[in-house]
Ligand code: HEC
């Protein structure tokens, strides 16, 4: 279960990164301040003028390049990516986090995000997080055409939103605060709590390799509460980290509530207690990683 969960977190992150080219750009943004910025525009831009070419391209294998590779070719591609990662001093096995089972919904039109169960879930996730849950339900009930167009726009908006927040975090040093045992992102007043958790997931995929979990929070509009999201990594869990336990214990200490999985957990606490809450979390992480029991 944990493996599946971990893989799916990485997958969502990967889809987002791939879809929006977000993270790399955020990191490069600082370096590229003087030089003009180039962005990956994607096929949608080309379609505007090259409508016929786009339609015929969709029918070619290039439109689904990875999907149509043979098992042998996929293996070759992945081991090349693994070699490349190793040559950059990274763990080569990350490459294998990029692949998994694919479920094709054969009654759906090809070239729509509904064809692949994974993309379908990305669509539903995006509509839910962007306050368009009704649209997601309509699509599940069978509405297509206009609804699908609208949903595609929502996915793009969702990716743009996440890109914006990731940029915000990386654009100024100090927004990603490093404490003794955790990373903290204080997104109150800026990050929308509805997308806090995917933002936290994406940040964690790079950061937790450095050996600390990440805790991010954002204000819940209209309430004197913050939403907290936390992510760990497989190696931290092996060292004893259990964020679900930490979130629950720390939140209850400030009359909030929290919980979740060992690798990914959340909480809700009063704004006025957030600093003490973070300090407590920092402490509890230290205890768990030192092998101490923190619960009762
Ligand atoms: C604003 C309209 C517009 C957009 C957007 C646009 N193109 Fe073009 N593209 C043109 C025009 C006009 C030509 C020149 C056609 C000609 O030579 O008669 C052209 C030519 C090309 C050619 C050369 C075709 C040939 O026969 O030599 C390629 C390849 C191409 N575009 C690819 C793309 C791609 C890929 C994108 C998206 C990233 C894109 N274009 C976006 C208008 C556009």
Name the pairs whose Cβ atoms lie under 8 Å apart, with the first residue in segment 50-71 and more than 20 Å from residue 100 (Cα to Cα), the second within 12 Å of the ligand (Cβ to nearest atom), and 6 or more positions between them or separate chains? 53/46; 54/43; 54/46; 54/47; 57/43
How about segment 205-216: which of its residues are surrounded by 22 or more Cβ atoms within 10 Å (Cβ to Cβ) and free of Cβ contacts under 8 Å to residues at least 60 places away in the same chain? 214, 216
Being over 21 Å from residue 44 (Cα atoms), loosely packed, with under 15 Cβ neighbours inside 10 Å, free of Cβ contacts under 8 Å to residues at least 60 places away in the same chain and under 18 Å from the mean Cα position of the chain (by Cα) narrows 117, 133 down to just 117
Residue 127: touching a helix residue (DSSP H, G or I) at 6+ places or on another chain (Cβ under 6 Å), at pLDDT below 95 and not in a loop (DSSP other than H, G, I, E, B), yes or no? no
Can you confirm whether segment 21-30 contains a residue that is within 16 Å of the ligand (Cβ to nearest atom) and modelled with pLDDT of 80 or more? no
Of the listed residues (149, 171), the one being farther than 20 Å from residue 279 by Cα, free of Cβ contacts under 8 Å to residues at least 24 places away in the same chain and surrounded by fewer than 21 Cβ atoms within 10 Å (Cβ to Cβ) is 149
Scan segment 102-115 and give yes if some residue there is touching a helix residue (DSSP H, G or I) at 6+ places or on another chain (Cβ under 9 Å), part of a helix (DSSP H, G or I) and not assigned by TED's automatic domain parsing to the domain that holds residue 265, otherwise no. no
Going through segment 46-78 in order, the residues found to be near the ligand (Cβ under 9 Å from one of its atoms) and either exposed (fewer than 11 other Cβ atoms within 10 Å of the Cβ) or modelled with pLDDT under 85 (or both) are 48, 49
Determine whether segment 79-89 contains at least one residue that is more than 16 Å from the ligand (Cβ to nearest atom), within 22 Å of residue 206 (Cα to Cα) and assigned to a loop (DSSP other than H, G, I, E, B). yes
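The values are calculated or read from the model by the stated rules, or taken from the named source; none is laboratory data. Please read these numbers as outputs of a predicted model, since none were measured by experiment. Neighbour counts run over all protein chains shown; Cβ positions are idealised from the backbone, glycine included.
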